[in-house]
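Peer 1: Got a structure for you, questions after.
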Amino acid sequence: MGRAEARKAQQQRGARRAPSGRAKGAKGNGGAGKPTGIRRFFTWRKILGTFLGLILLMMAGAIILYFSVDEPTDPNESATLQSNTYRYADGSVMARTGEMNREIVPLDKIPEDVRTAFIAIENKSFYEDRGIDVMGVARGLFNTVTGKGKAGGSTITQQYVKNYYLTQDQSPTRKLRELVISLKVDQRLEKHEILAGYLNTNFYGRNAYGIQAAAQAFYGVDADKLTLEQGAYLAAVIQAPSQYDLATAGPNGTRLVNIRFNAVLDNMVEMGKLDPAKRKAMSLPEPIKPKPRPGMDGQKGYLIQAANDEMNEQKITDAQIAAGGWNIVLNIDPKKQAALETAVQDELESKLDRKDTKNRPQDQSVQAGATSVDPKTGAVVAMYGGQGLAEKAASNALRKDYQPGSTFKPIVLASALENNATTQDGKPVTPNALYDGTSKRQVVGSKIPFNPQNQDDKDFGKEITVQDATNFSVNSVYAQMIVDVGPPAVKKTALALGMKDREGWPEDKPAMSLGTMSANTLEMAGVYATLDNHGKKVTPTIIKSAEHAEGEFTPRQAVGAQAISRQTADTVTKVLTGVVNDGSGSKVKSSAYEAAGKTGTTESNVAGWFTGYTPELVTVVAMFGEEPGTHKQVTLTGTAGGGRAGGSSFPAEIWKAYTLAALKGAKTGEFDVSEAKMGAPQAPSRTPSPTPSQSASSQPPASSSPPANSPSPTPTPTPSNTPTKSPTPTKSPTPTATNTGGPKPPDPPLFPQTDRP
């Protein structure tokens, strides 16, 4: 072969090798199979190595943690309860509570199905786990987020460890200690010992620790007599003792405890511990009424309830309070407290016959509640909650299931003044502004039709001043006024003054002017105390101080910043003095003090309120009609064998008797309303009807209900800044004209009832 042929053959062999060589060179960009870019850092070997390394580190950390945490030898303070001492403002002891209310019982004294009920809802894997349950923790988190509530995240062993050795603190450090100690306790104790300890250390509410005390507190039986349904309720209630106690639970608490009760039984069916057919026949058994403990007689139990509620609001839990060791001083003045209790007894209870269910049925339904506040400090100086814990478990002073009625109207006026609202005629809303007082008048300017009826369907003329409309609580005027201001603006003012934004608060409805939301005497006392305090926000507080060996409780700030302007507050106060001097609140008028106030009577007369104040004291008194046993709202009409029982009846009488006694011997003053602006009198803007009103009689009528066909006298605008005398309302089938001059209208009857129907 010649050179040319050899060279040609070599070139052919090179051509055949070239694709393979290029492919090899391309792999790894010229390298021999080396990974490039991010792949160099995330190879399967490195990922596996990192994972195994983390596992080893976690195992090492767990081992170190296990050996570094010792199982405690002594129980915590919650396992050996102390007493709490509650004192009056002067330091005298009111009551001692919190003594150990627990009786340890062996496991064989607790029915087996009751034990199973607790396991079913708290820790279904109790007999299989080793004290902790990782899946249970994850499941608990998931149930918390979704609201299913079928099982908790902690095992029974963990809960026993927390109750007996640790605290209720939710910090990660405490949780880690709980896990380690639970492992060690599970190794040292038998399951039945752990279960017995758990059942005997739980807090069930009603100051009951342990299942024996709970069985007595909720069902009046010993633990060995508990039925499965009763045990299922006790297993359900421990999640939130205060919220889930059916004696005091609100609608949401009742719903939640029923869900949890059913979950107990359903879980037992899933575990094969309860026959499905038997399960279907089971329902939640109603617990008995709470029985007062020694030292909780009379109003003391209600005062302690209020104090504990306030501590709850400041993030002190029921369990922390019940653990004992607190020295709590209340703002309650013992003399004023005694005066309030006496006033209720003399002016209401002594006139009722609660035993005569045949002839005096309404008397059985009457409930009373009251709160009295010092407007300068926000201190709750007296409170009345009801007949006693044995008769009424929850305080009437704090109940939130009734409407405040027309005591809300001053808030509408305050909002109108604060927002510089104008009438439909474009004139500013002031106490001297004119409105149409015709009953069932359709409001103007609202997308939602509303034509409220005045009390007893009385007309007050085509033109009536705001002052007169407030004196006689004219619904048609305030329905129009809230439209002129705007319901959202009024709600904003109400919240700024201290009312609570609860479920059911009407949003953009003119009916809100009549107080159709829920409220209690405590928050309404705060609203009126803010008016009394020249617009500075007052949040009533019952706790003066609370001390504990491990720390000190900080009471909330009772007096805050300006909620509304002083001018607005003083103007409303001046208007409300007219209600007392010339209007529906005239029954509380006295030379012993200067007072301002407002009556309130709700629809169907199921509640009556009187909210009044002097420069020294703000007091809210309310009556509620509640059917015994059912909690159904019923009418107060017929109370004490009489007729309608509105805010100007028993509540006003209680208010006056209490205020006279509470201020006896004290130097009383007059309201400083120097910044009040009553507004200029407004000239009539409407064309009088062809037939003018007849002159009103110079003498007040004998009763508050004039003849059906009597004409309707109308108010005369008064140029001064003093509250005007109000006309006597009359029922008139047709609107009447307004007299703009002439003689002054007659004085109103002493006891008019012109609140909301």
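Bear in mind these aren't lab numbers, they're just calculated from the coordinates by the rules spelled out. Fair warning: this is a prediction, and the values are worked out from it, not measured in the lab. Glycine also receives a Cβ, built like all others from the backbone with ideal geometry; neighbour counts cover every protein chain displayed.
Peer 1: Set the Förster radius R0 to 22 Å, insert the Cβ-Cβ distance between Lys664 and Ser350 as r into 1/(1 + (r/R0)^6), and round the FRET efficiency to 0.05.
Peer 2: E between Lys664 and Ser350, to the nearest 0.05, is 0.60.
Peer 1: How high is the relative contact order of the range 515-620, in percent, with contacts defined as C-alpha pairs under 8 Å that are six or more residues apart?
Peer 2: That works out to 25 percent.
Peer 1: Can you tell me the equivalent ellipsoid semi-axes for the range 190-272? Use √(5λ) from the Cα gyration tensor, largest first, whole Å.
Peer 2: Equivalent-ellipsoid dimensions as semi-axes: 20, 17, 12 Å.
Peer 1: Estimate the FRET efficiency between His631 and Ser83 by the formula 1/(1 + (r/R0)^6), using the beta-carbon distance for r and 25 Å for R0, to the nearest 0.05.
Peer 2: 0.15
Peer 1: By counting other Cβ atoms within 10 Å of each Cβ, how are Leu495, Leu522 ranked from fewest to most?
Peer 2: The fewest-first ordering by Cβ neighbours comes to Leu495, Leu522.
Peer 1: Using Cβ counts within 10 Å as a stand-in for footprinting exposure, how do Phe624, Phe610 rank, fewest first?
Peer 2: Phe624, Phe610
Peer 1: Go through the range 366-383 residue by residue and turn each phi into a ³J(HN,Hα) via Karplus (6.51, -1.76, 1.60, θ = phi - 60°); whole Hz please, and just put x for glycine and proline.
Peer 2: 6, 10, 10, x, 7, 9, 10, 10, 7, x, 7, 10, x, 6, 7, 9, 7, 8
Peer 1: Could you list Arg354, Arg502, Arg260 so that the one with the fewest beta carbons within 10 Å of its beta carbon is first and the one with the most is last?
Peer 2: Arg502, Arg354, Arg260
Peer 1: I would also like to ask the following. Check which residues have an amide H placed less than 5 Å from Arg87's amide H, if you skip close sequence neighbours.
Peer 2: When sequence neighbours closer than 5 places are left aside, the close amide H contacts are Met94, Ile328, Val329, Leu330.
Peer 1: Taking R0 as 22 Å, what's the FRET efficiency between Ala240 and Glu313 from their Cβ-Cβ distance, rounded to 0.05?
Peer 2: 0.90
Peer 1: Taking square-rooted eigenvalues a ≥ b ≥ c of the alpha carbon gyration tensor, is the range 295-381 rounded, prolate or oblate, where a/c under 1.5 means rounded and, failing that, a/b exceeding b/c means prolate?
Peer 2: Here the range 295-381 falls in the prolate category.
Peer 1: Assign one of three labels to the range 535-663, namely rounded, prolate or oblate, based on the Cα gyration tensor with a ≥ b ≥ c the square roots of its eigenvalues; rounded applies when a/c is under 1.5, prolate when it is not and a/b is larger than b/c, and oblate otherwise.
Peer 2: oblate
Peer 1: Related question: Could you go through the range 543-550 in sequence order and give the Karplus-derived ³J(HN,Hα) for each residue, using 6.51 cos²θ - 1.76 cosθ + 1.60 with θ = phi - 60°, rounded to whole Hz, and x for Gly and Pro?
Peer 2: Karplus values, whole Hz, x for Gly and Pro: 9, 8, 7, 8, 10, 9, 4, 9.
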